[in-house]
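Quick notes on the structure that follows.
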Amino acid sequence: MKMKKIEKMFEGIATWLMKINKKLENNTKEMNKLTAVDERLKKKINELEQGEKIKFGEWEIKRENVVIKGIEDREGKAEVETKEKVAKLMETMSVKLKMG
């Protein structure tokens with residue numbers, strides 16, 4: 001009689017362990033999926049951050065540039081002459097200019 005009771009307890013424990021193992025397997029699968037999603041999101045965020053850094057860098061470069069139309073820059077003409085014309089134009093407009 002005691003043996004049957006012990007066997008029944010072991011059957012209950014075995015059933016309980018199988019349920020726990022099943023839940024553990026499901027949790028492991030879900031965790032693996034979430035880890036993969038997390039990696040994809042991190043990669044996407046990194047790509048977006050890189051894109052923003054590039055855009056900002058391009059903006060920084062552009063904000064230092066001025067496009068002037070109407071001043072001819074012909075071949076054979078001294079670069080210094082063109083720079084002088086630009087400097088005079090900027091001075092007329094009261095604009096401080098850094099020329100490299």
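The values are calculated or read from the model by the stated rules, or taken from the named source; none is laboratory data. Small disclaimer: the values here were computed from a predicted structure and weren't measured. A quick note on method: Cβ atoms are made from the backbone with ideal geometry, for glycine too, and the neighbour counts reach across all protein chains shown.
At a glance:
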read-out	value
Residue list for the range 48-64, filter: more than 30 Å from Lys96 (Cα to Cα) and either loosely packed, with under 10 Cβ neighbours inside 10 Å or more than 24 Å from the chain's Cα centre (by Cα) (or both)	none
Verdict on Met90 being in a helix (DSSP H, G or I) and in contact with a Lys or Arg (Cβ under 8 Å, 6 or more places away or on another chain)	yes
Breaking point among (1) part of a loop (DSSP other than H, G, I, E, B); (2) of a type in the set (D, E, K, R); (3) over 42 Å from the mean Cα position of the chain (by Cα), for Lys5	(1)
Glu25 being surrounded by 10 or more Cβ atoms within 10 Å (Cβ to Cβ), out of contact with any strand residue (DSSP E or B) (no Cβ under 7 Å at 6 or more places or on another chain), in a helix (DSSP H, G or I) and among the acidic types (Asp, Glu)	yes
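For (1) touching a helix residue (DSSP H, G or I) at 6+ places or on another chain (Cβ under 7 Å); (2) modelled with pLDDT of 90 or more; (3) among the hydrophobic types (A, V, I, L, M, F, W, C), each residue gets a yes or a no:
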{"residue": "Glu7", "(1), (2), (3)": "no, yes, no"}
{"residue": "Asn32", "(1), (2), (3)": "no, yes, no"}
{"residue": "Thr35", "(1), (2), (3)": "no, yes, no"}
{"residue": "Glu39", "(1), (2), (3)": "no, yes, no"}
{"residue": "Lys44", "(1), (2), (3)": "no, yes, no"}
{"residue": "Lys62", "(1), (2), (3)": "no, no, no"}
{"residue": "Thr82", "(1), (2), (3)": "no, no, no"}
{"residue": "Val86", "(1), (2), (3)": "no, no, yes"}
